[in-house]
1. Which residues, taken from the range 74-97, are touching a residue at least 12 places away in the same chain (Cβ under 8 Å), closer than 12 Å to Ala137 by Cα and among the hydroxyl-bearing types (Ser, Thr, Tyr)?
2. Is it true that Glu32 is surrounded by fewer than 17 Cβ atoms within 10 Å (Cβ to Cβ) and at negative phi?
3. Starting from the range 195-208, take each residue that is among the β-branched types (Val, Ile, Thr) and list its partners that are open to solvent by 50 Å² or more (accessible area, probe 1.4 Å) and assigned to a helix (DSSP H, G or I), counting only C-beta distances under 9 angstrom and pairs at least six apart or across chains.
4. Here is a check on your reading of the model: is Asp199 open to solvent by 10 Å² or more (accessible area, probe 1.4 Å) and either at positive phi or at pLDDT 90 or above (or both)?
5. Regarding Val230, is this residue touching a residue at least 40 places away in the same chain (Cβ under 8 Å) and closer than 28 Å to Phe267 by Cβ?
6. Name the residue, out of Gly141, Gly107, that is at pLDDT below 90 and in contact with a helix residue (DSSP H, G or I) (Cβ under 7 Å, 6 or more places away or on another chain).
7. With the condition kept exactly as written, say whether any residue in the range 26-45 is more than 27 Å from Phe133 (Cβ to Cβ), out of contact with any strand residue (DSSP E or B) (no Cβ under 7 Å at 6 or more places or on another chain) and among the charged types (D, E, K, R).
8. Filter the range 69-89 down to the residues that are modelled with pLDDT of 95 or more and open to solvent by 80 Å² or more (accessible area, probe 1.4 Å) and list them by number.
Amino acid sequence: MTVSEFLQKLLKSQELTQQMLDDISLYRKEVEEFLREKFDEEPTIRYGGSKAKGTMIKENYDLDIVCYFPRDCERDIKDIYNDVHKKLSEKYSVTPKTSALRIQKIGNNKEKLDYHIDVVPGRFVDDKKREAFLYIAQGEGSRIKTDLEKHIDVISKSGCVDVIRLGKLWRVRNNIGLRTFLLELLVIDCLKGSKSKDDLQRSVKQFLEYLRDSISEVRLEDPANTNNVVSDNWSDNERRIISSKAKEALDIVDSDANDLDKWREVFKEPKSDKYRRALFEEV
């Protein structure tokens, strides 16, 4: 097995089962019906996030449900965010995120059941129902204008979906704090102009080198709004940690870039029988 074949096998192992897909579809229907019942404005509700972009991985996934109100809605974006939070709290456990609300269902024994769902409240900018204002629940609070449909289009058509999914798996298994949207933009920026994006070994290694060498200075703009610099709130310490983690991975594979067990180590996969036998013989 080549390294690229191993990486393809990893991707295959991260496909969601039909039961998982059925479950999140059912949960989405339940949440959508609940929101429509609670709001007279009949918000527009759509899939967003990794489900729409094709970048889901089984090991760590969520479903973004965008809940956008009409442009002539009289409430400001902060009030919309808080109202959606309040209504969802009537039925779910709600955890605020940067611009989304993570919901969990309360079980019969008061335990929290993960729905893998984030609700993203917003208000359309105009009647075209593309651009929308989102509330940023950080610091003193603010709003940004963006277009999640543009995000979906840019990422799903980037030719980088497989590398993004492998990047997400590496992030999860190495416990790296890196927002998914930033990771997606990093991969796309790293591989722009590449004619061999489908060469997974080369592309993943190139991405790790990019994180190690360039992350301290990289500037990432929202592809839907260049005035929104999404890397602005990214601390120097967070960048250093990610760079260090990428260096650790490269130190492993650079000793022999075609050694499958080196790549297994990077992705926290079990070593091969051959590798384990060699260790035993050394002892």
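The values are calculated or read from the model by the stated rules, or taken from the named source; none is laboratory data. For clarity, every value in this text was computed on a predicted model and none was experimentally measured. Counting neighbours? That spans all protein chains shown, and the Cβs are built from the backbone with ideal geometry, glycine included. Keep in mind that these areas ignore ligands, DNA and RNA; they rest on the heavy atoms of the full protein, side chains included. Shrake-Rupley method; radii C 1.70, N 1.55, O 1.52, S 1.80 Å.
1. Across the range 74-97, the qualifying residue is only Tyr81.
2. So Glu32 passes the test.
3. none
4. Values: open to solvent by 10 Å² or more (accessible area, probe 1.4 Å): yes; either at positive phi or at pLDDT 90 or above (or both): yes.
Spelling it out, Asp199 is indeed open to solvent by 10 Å² or more (accessible area, probe 1.4 Å) and either at positive phi or at pLDDT 90 or above (or both).
5. Spelling it out, Val230 is indeed touching a residue at least 40 places away in the same chain (Cβ under 8 Å) and closer than 28 Å to Phe267 by Cβ.
6. Gly141
7. no
8. Lys86
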